[in-house]
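Here is the structure we will look at.
The values are calculated or read from the model by the stated rules, or taken from the named source; none is laboratory data. None of the values given here were measured: they were computed from a predicted structure. Cβ sites come from the backbone with ideal geometry, for glycine too, and all protein chains shown count toward neighbours.
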Amino acid sequence: MGLFKALSLILMLTAHLSAYSATELTLYLSPKGDDGLDGQSASRSILSLKRAHQLIAAHFKKSPSNVNVLIAPGTYYNQTVVWTTAHPQYQIRIKSAVADKKPVFDGRSDGTQTLGSQRSFFIMKNFSGATNITLENLFIRFYAEAVGLNGDRDNEKTGFNSHNKILNMTFDKIGSRYHVDQASPGYAVLRLVNSKKNEIKGNIFSNILNKTRPELLHSIYAAHYSHENVIEGNVFKKQPGDPLRVRDFSNFNIINKNEFESAGAYAYSEWYCEKAESSACTKKDPECPSWGNVMRSNIYSGSGLFHYYVRPNFSNSNSACKTKAPAKAENKRLRTSLNVTSKDGAGTKTPKGYLIESRLNTKVNTGYCPRPTDCVSTGGSCYVNGGGTSNHLCVNNDWRSR
């Protein structure tokens with residue numbers, strides 16, 4: 001290539017990159033913003049994520065590019081958004097405008113209310129492919145649930161979303177205990193449905209509690225084909241429900257270097273709805289076990305032991321599930337290594353976790369027990385010594401640990 005042609009190519013690339021930079025959209029939110037404005041400078045800040053969503057949708061129709069939504073410090077009350085805009089080639093970053101100050105999204109109507117009025121903060125609806133949405137450095141409180149990355153649970157191949165990031169968020173006071181509808185339990189602080197290859201890193205989940213059925217609420221609930229997510233460096237504390245729940249053929253997720261403090265009967269539990277067992281299983285296709293998930297280098301502190309729960313294959317499970325194990329799963333439902341227990345913060349550690357599973361060879365009863373020695377039968381159900389029941393499985397006190 002001649003010198004003239006080389007210089008021309010460089011100039012063309014430089015012009016292209018300059019045009020690309022010029023089209024990147026930045027929107028500004030402020031607690032004193034006005035949704036009647038365009039949000040394209042701090043002096044023209046908007047108030048709500050709903051308005052940001054409208055502006056981004058219009059921008060993508062004209063000239064799609066990367067988008068930054070910069071949120072000023074302060075408290076934003078009573079906000080909720082159903083997000084239906086994304087682009088497979090561009091990023092949408094929703095984050096604090098100031099690195100060391102997390103804006104607060106509060107589900108209450110105003111600061112005088114004691115309970116939240118909004119059920120969810122951010123719900124992303126069905127897509128087909130990479131969505132590239134980041135939520136970063138925000139504080140979310142007083143919602144029954146917080147964030148949903150929702151694909152289509154009945155369409156594994158084309159109804160998914162992917163490549164999203166949940167980074168350095170704080171989720172506090174989430175669940176029906178903090179919501180006006182206390183009779184309707186929350187199920188997930190962060191819900192993934194057919195949501196793949198996401199990064200969930202550096203977040204804090206605390207005071208996660210339902211008013212009734214506290215065991216039903218999980219900090220992260222990865223369900224229905226939610227594969228290859230990385231869950232790393234998060235802190236889970238003060239929550240009676242199992243912090244991590246995996247459901248229905250959600251495979252090859254990496255759970256690494258997290259901390260659990262007085263959180264759940266099990267740090268990790270896996271479940272799927274068996275139609276032969278319950279009429280509540282409404283998914284079109286049968287639900288199946290999950291395979292190849294990895295739990296590595298996590299720490300549990302407080303009373304008790306580091307437990308995992310994997311629901312076994314049912315002897316009457318449908319034929320589709322019996323043949324659905326991924327080839328690279330190597331017949332491993334869950335891999336664990338280097339998980340330790342730090343008792344009462346004193347630094348006493350044991351390099352051993354406990355995987356509890358039921359031998360499913362007799363009638364299934366409801367209830368759960370974290371250790372065989374705590375499993376007592378009362379009227380055909382299982383209870384934990386000291387009270388309380390849950391929706392895990394115990395089969396005639398027949399448990400094993402490995």
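Points worth noting:
- Every residue from region 204-226 that is surrounded by 24 or more Cβ atoms within 10 Å (Cβ to Cβ) and touching a Gly at 6+ places or on another chain (Cβ under 9 Å): 208, 210, 217, 218, 219, 224, 225, 226
- Scanning region 106-137 for residues that are within 14 Å of residue 189 (Cα to Cα) and assigned to a loop (DSSP other than H, G, I, E, B) yields 107, 118, 119, 120, 121.
- Residue within region 73-82 that is touching a Phe, Trp or Tyr at 6+ places or on another chain (Cβ under 8 Å), closer than 24 Å to residue 223 by Cβ and not small (Gly, Ala, Ser) present: yes
- Any hit, region 160-181, residues being part of a loop (DSSP other than H, G, I, E, B) and aromatic (Phe, Trp, Tyr): yes
- Long-range neighbours under 7 Å by Cβ, at least six apart or interchain, first residue more than 18 Å from residue 195 (Cα to Cα) and of a type in the set (S, T, N, Q) within region 238-257, second at pLDDT 95 or above and surrounded by 24 or more Cβ atoms within 10 Å (Cβ to Cβ): 239/205; 239/208; 239/219
- Scanning region 73-88 for residues that are without any contact (Cβ under 8 Å) to a residue 40 or more places away in the chain and out of contact with any helix residue (DSSP H, G or I) (no Cβ under 6 Å at 6 or more places or on another chain) yields 73, 77.
- Complete set of residues in region 202-234 that are modelled with pLDDT under 95 and outside any loop (DSSP other than H, G, I, E, B): 214, 215, 216
- Candidate set: region 138-152, residues that are in a strand (DSSP E or B) and within 16 Å of the chain's Cα centre (by Cα); chosen: the one farthest from residue 72 (Cα to Cα): 150
Residues are listed down the side, and each one gets a yes or a no for (1) touching a strand residue (DSSP E or B) at 6+ places or on another chain (Cβ under 9 Å); (2) among the polar types (S, T, N, Q):
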position	(1), (2)
139	yes, no
144	yes, no
147	yes, no
155	no, yes
161	yes, yes
178	yes, no
183	no, no
193	yes, no
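- Scan of region 123-133 for residues that are of a type in the set (Val, Ile, Thr) and surrounded by fewer than 19 Cβ atoms within 10 Å (Cβ to Cβ), ordered by number: 123
- Residues satisfying the stated conditions in region 55-72, i.e. without any contact (Cβ under 8 Å) to a residue 40 or more places away in the chain and either surrounded by 15 or more Cβ atoms within 10 Å (Cβ to Cβ) or under 13 Å from residue 26 (Cα atoms) (or both): 55, 56, 59, 60, 64
- Of all residues in region 243-263, exactly one satisfies the criterion of being of a type in the set (Gly, Ala, Ser) and either over 15 Å from residue 207 (Cα atoms) or at pLDDT 95 or above (or both), namely 250.
- One residue stands out among those in region 13-51 that are surrounded by fewer than 12 Cβ atoms within 10 Å (Cβ to Cβ) and modelled with pLDDT of 80 or more: the one that is nearest to residue 79 (Cα to Cα), which is 32.
- Residues satisfying the stated conditions in region 82-123, i.e. within 18 Å of the chain's Cα centre (by Cα) and more than 24 Å from residue 23 (Cβ to Cβ): 82, 105, 119, 120, 121, 122, 123
- Criterion (at pLDDT below 95 and closer than 21 Å to residue 200 by Cα) met by exactly one of 110, 100: 100
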